[in-house]
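Read the structure below first, then the notes.
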Amino acid sequence: MSRLWNFSAGPAALPEEVLLQVREELLDWHGAGCGVMEMSHRGKEFTGIAQQAEADLRELMGIPANYKVLFLQGGATQQFAQIPMNLLPAGRSADYVVNGSWSQKAFKEAQRVAGKGAARCVAEVEGCFPATAEMDLDPDAAYLHVCTNETIHGIEVFDEAALPSSVPLVADMSSHILSRPMDVARYGLIYAGAQKNIGPSGLTLVIVRDDLIGKAPASIPSVMDYAVMAANDSMLNTPPTLAIYIAGLVFQWLKRQGGLAAMAEINRTKAAALYRCIDSSRGFYRNEVAVDNRSQMNVPFILAKPELDAAFLAESKAEGLLALKGHKSVGGMRASIYNAIPQAGVDALVAFMNDFARRNA
Ligand code: PMP
């Protein structure tokens, strides 16, 4: 077996230490006589696992007591619909910033669920996150939706304090949650698919302020109602037990790394090395995102000579560098350098990129 450096955008690399622990515990979890996949979600073993995962996440992110933590299914895409179903009453509208594919999908799905006029696009921009002054904000909006890290385009919001705060802020943090400290109290709702920085796919995290839930129309399906899921500790029905267990191991791994402040430092250094390589390539590689919004998690870049794309991908793969092809909607390359990719992985990528540029300039 040889594990290569995996730059997949998601499902993405998981910390090797966590995978080894999963392997160790797969057939018999802590003497239970069976693995976590095979035990009841209502038994004391699994409820203990889920409670510990929530407690560790609360500690890592500093989640205030008046926020619920929900472990749901359906991916971030289901949240595109579930958010308006829960937070957008009939007769009102919600604001959406559109600055990439995921915020666009969230906006379109809200229009589908709530009606065209019930979701307003307040700014549509490319290659950056817009300043508040550029947003046509509605002071009466039920919420403002933003995607704080556009995974495909590599656009990240760093200045949380500058985000508008007059209405509850709803943030899709799928691809940068847990990469650095975030001020949870600035947001009404934070959501994320697990398959990047949290754990396996199949689990979706929702962190929501108490006062925003419990107002969905009576016709909402119970599994879609945040209030029902919260009242049942996310176990109205069978939750994705294996994914919750592995997410819990990832949270413990993050605590051992020194928590999110330590991850922030590591992630800053990793991203800086990669952007330095791109910027010093004399145009051989280019990243076109506004410098202040360059993502520390997803680094897209294009080659000045696209005829070299195929060779770049083939040779990088032969060097043990996986999944560098950019999303099909934008082309080029993308290196996703989530928490589980250590500095050594980025160093290997930079060494390859420098060498490839030297040989093909
Ligand atoms: N939002 C963002 C920012 C994403 O990166 C993704 C998936 N790559 C999604 C939403 C959709 O997530 P899912 O596949 O879990 O529905």
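For the pair N232 and D347, the difference between a 0.36 nm per residue extended length and the Cα-Cα distance amounts to 36.9 nm. Computed over segment 66-115, the P(r) curve from all C-alpha pair distances, binned at 10 Å from the origin, holds 25, 50, 25, 0 percent per bin. Its Cα centre serving as origin, the chain has a Cβ charge dipole (Lys and Arg +1, Asp and Glu -1) of approximately 540 debye. Computed over the chain, the per-residue total of -39500 (n - 2.57) for DSSP H runs of n ≥ 4 gives a 222 nm mean residue ellipticity of -11500 deg cm²/dmol, rounded to 500. Paramagnetic label reach from R92 (point 7 Å along Cα→Cβ; backbone nitrogen cut-off under 18 Å): within segment 219-242, residues 219-220, 225-228. Extension gain for D183 to E288 (0.36 nm times residue separation, less C-alpha to C-alpha distance): 35.0 nm.
Relative to its residue count, segment 260-360 spans a Cα convex hull of 99 Å³ per residue. The 1.4 Å probe gives accessible areas that order H327, H30, largest first, as H30, H327.
Applying the Karplus relation 6.51 cos²θ - 1.76 cosθ + 1.60 with θ = phi - 60° to segment 297-303 yields 3J(HN,Hα) values of 9, 10, 10, x, 8, 10, 8 Hz, where x marks Gly and Pro. In the context of the full set of protein chains, residues of the chain present 43 Å² of accessible surface per residue (probe radius 1.4 Å, heavy atoms only).
Overall, the accessible surface of segment 60-155 at a probe of 1.4 angstrom is composed of carbon and sulfur to the extent of 50 percent. Net length available on complete extension from E17 to V125 is 34.9 nm, with 0.36 nm assigned per residue and the Cα-Cα distance removed. With each label modelled as a point 7 angstrom along the Cα→C-beta vector, the K105-T269 pair spans 3.4 nm.
In this structure, the amide hydrogen of F301, modeled 1.01 Å from its nitrogen in the peptide plane, lies closer than 5 angstrom to those of M333, R334, A335, counting only residues at least 5 positions away or on a different chain. With both labels modelled 7 Å from their Cα along Cα-to-Cβ, the A310 to M224 distance reads 4.6 nm.
Residues in segment 216-224 carry Karplus couplings, in order, of 6, x, 4, 7, 5, x, 4, 5, 8 Hz; the curve used is 6.51 cos²θ - 1.76 cosθ + 1.60 with θ = phi - 60°, and Gly or Pro positions show x.
Counting every C-alpha pair in segment 113-163, the share spaced more than 13 angstrom apart comes to 64%.
Which part of segment 1-17 falls in the paramagnetic zone of E24, meaning amide N under 14 Å from the point 7 Å along Cα-to-beta-carbon? Taking a point 7 Å out along Cα→Cβ of E24, the residues of segment 1-17 whose backbone N falls under 14 Å are 16-17. List the lysines whose Cα sits under 22 Å from the Cα of K116, skipping any in the same chain fewer than 8 residues away. Those lysines meeting the cut-off are K105, K108, K215.
With R₀ fixed at 45 Å, the C-beta to C-beta distance from T47 to A318 puts the FRET efficiency at about 0.45. Enter the Cα centre distance for the pair segment 1-75 and segment 225-293, rounded to the nearest angstrom. Their Cα centres are 15 Å away from one another. Positive end of the dipole of the chain (Cβ unit charges, origin at the Cα centre): among C147, V350, M263, the Cα lying farthest that way belongs to V350. Taking only the C-alpha atoms of the chain, the Rg (one decimal) and the largest Cα-Cα distance, Dmax (whole number), read 20.8, 64 Å.
So what is the relative contact order for the chain, in percent, with contacts set as C-alpha pairs under 8 Å and at least six apart? With pairs under 8 Å counted, the relative contact order is 23 percent. First check a/c for segment 170-258, with a ≥ b ≥ c the square roots of the eigenvalues of its C-alpha gyration tensor; if it is under 1.5, answer rounded, and if not, answer prolate when a/b is larger than b/c or oblate otherwise. Verdict is oblate for segment 170-258.
Based on Cα atoms of segment 30-142, Rg over Rh with Rh as the Kirkwood radius reads 1.12. Among the trypsin sites (Lys or Arg not before Pro) found in segment 199-265, those both in a DSSP coil and sparsely packed, with 16 or fewer other Cβ atoms within 10 Å of their Cβ, are K215.
What percentage of the solvent-accessible surface of segment 260-360, computed with a 1.4 Å probe over protein heavy atoms, is contributed by carbon and sulfur atoms? On segment 260-360, the fraction of accessible area on carbon and sulfur atoms equals 55 percent. By the equivalent-ellipsoid construction on the alpha carbon gyration tensor, segment 8-74 comes out with semi-axes of 23, 19, 12 Å, ordered largest to smallest.
The values are calculated or read from the model by the stated rules, or taken from the named source; none is laboratory data. Quick caveat: nothing in here was measured; it's all calculated off a predicted structure. Because the Cβ atoms are built from the backbone with ideal geometry, glycine has one as well, and the counts that use them run over all protein chains shown. Side chains are part of the model used for accessible areas, which takes the heavy atoms of the whole protein and leaves out ligands, DNA and RNA. Shrake-Rupley method; radii C 1.70, N 1.55, O 1.52, S 1.80 Å.
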